[in-house]
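This report refers to the structure that appears directly beneath it.
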Amino acid sequence: MTNVRHNTASAIVFDEPHQNVLLIHHNKVGLWLYPGGHIDPNEDPAQAALREVHEETGIHAHVIGIPAFVHAAVDSHPSPWAIIEMTVTDSKVGEHRHIDHVYICRAPADAGLPTAQLDEVAGAHWVPLDGIVSLPTPAELPELIAEAARWAKAH
């Protein structure tokens with residue numbers, strides 16, 4: 001197992017009625033994923049997740065949830081819904097691990113259709129929740145999104 005680890009942030013974005021999820025077809029891996037990427041210097045994970053959503057799809061979203069602790073003496077940030085780690089391989093770094101801060105987000109009702117950033121993604125679409133299983137995705141993605149959808153409907 002490699003000891004190189006990168007922090008990333010991702011967003012599972014639902015439309016307002018929670019019938020669809022925003023997915024991108026990632027050029028490097030050739031699979032359908034939710035938007036995300038590396039956390040830039042001086043950026044917190046939630047900011048990174050929202051930036052990646054906008055860069056990859058043109059959609060403005062917001063994180064569902066509030067910081068777990070708030071006090072005037074500190075800055076508080078929303079907690080990720082999950083933090084998952086996986087092995088990835090790319091031509092620049094080779095095999096390494098991504099520690100992914102996954103946020104559940106909503107797009108406004110008037111978000112419109114996504115516009116893919118073609119240098120990184122081959123497509124960006126609102127996908128019906130029951131249509132995810134028919135797409136080429138990482139093995140864990142359909143179950144992860146189903147669980148996120150259940151959580152989002154309750155919050």
Review point. Looking at segment 30-58, which of its residues are closer than 13 Å to G123 by Cα and in a loop (DSSP other than H, G, I, E, B)?
Key: G30, L31, Y34, P35, G58
**Study point:** Total residues in segment 63-115, condition more than 23 Å from G30 (Cβ to Cβ) and either in contact (Cβ under 8 Å) with a residue 40 or more places away in the chain or assigned to a loop (DSSP other than H, G, I, E, B) (or both)
**Key:** 31
Exercise for review: Filter segment 95-115 down to the residues that are under 15 Å from the mean Cα position of the chain (by Cα) and more than 11 Å from I59 (Cβ to Cβ), then identify the one that is surrounded by the fewest Cβ atoms within 10 Å (Cβ to Cβ).
Suggested key: I99
**Study point:** Complete set of residues in segment 78-104 that are touching a helix residue (DSSP H, G or I) at 6+ places or on another chain (Cβ under 6 Å), of a type in the set (V, I, T) and closer than 14 Å to D44 by Cα
**Key:** none
Review point. Among the acidic types (D, E), in a loop (DSSP other than H, G, I, E, B) and either touching an Asp or Glu at 6+ places or on another chain (Cβ under 8 Å) or under 15 Å from P35 (Cα atoms) (or both) - does that describe any residue in segment 116-124?
Key: yes
Review point. What pairs come up if the first residue lies in segment 118-131 and is in contact (Cβ under 8 Å) with a residue 12 or more places away in the chain, the second is basic (K, R), and their beta carbons are under 9 Å apart, counting only those six or more places apart or on different chains?
Key: E120/K28
Review point. Within segment 1-28, which residues are in contact with a Ser or Thr (Cβ under 9 Å, 6 or more places away or on another chain), part of a loop (DSSP other than H, G, I, E, B) and under 17 Å from E52 (Cα atoms)?
Key: K28
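Values in this text are rule-based calculations from the coordinates and carry no lab data. Computed from a predicted model, the values in this text were never measured in an experiment. Glycine also receives a Cβ, built like all others from the backbone with ideal geometry; neighbour counts cover every protein chain displayed.
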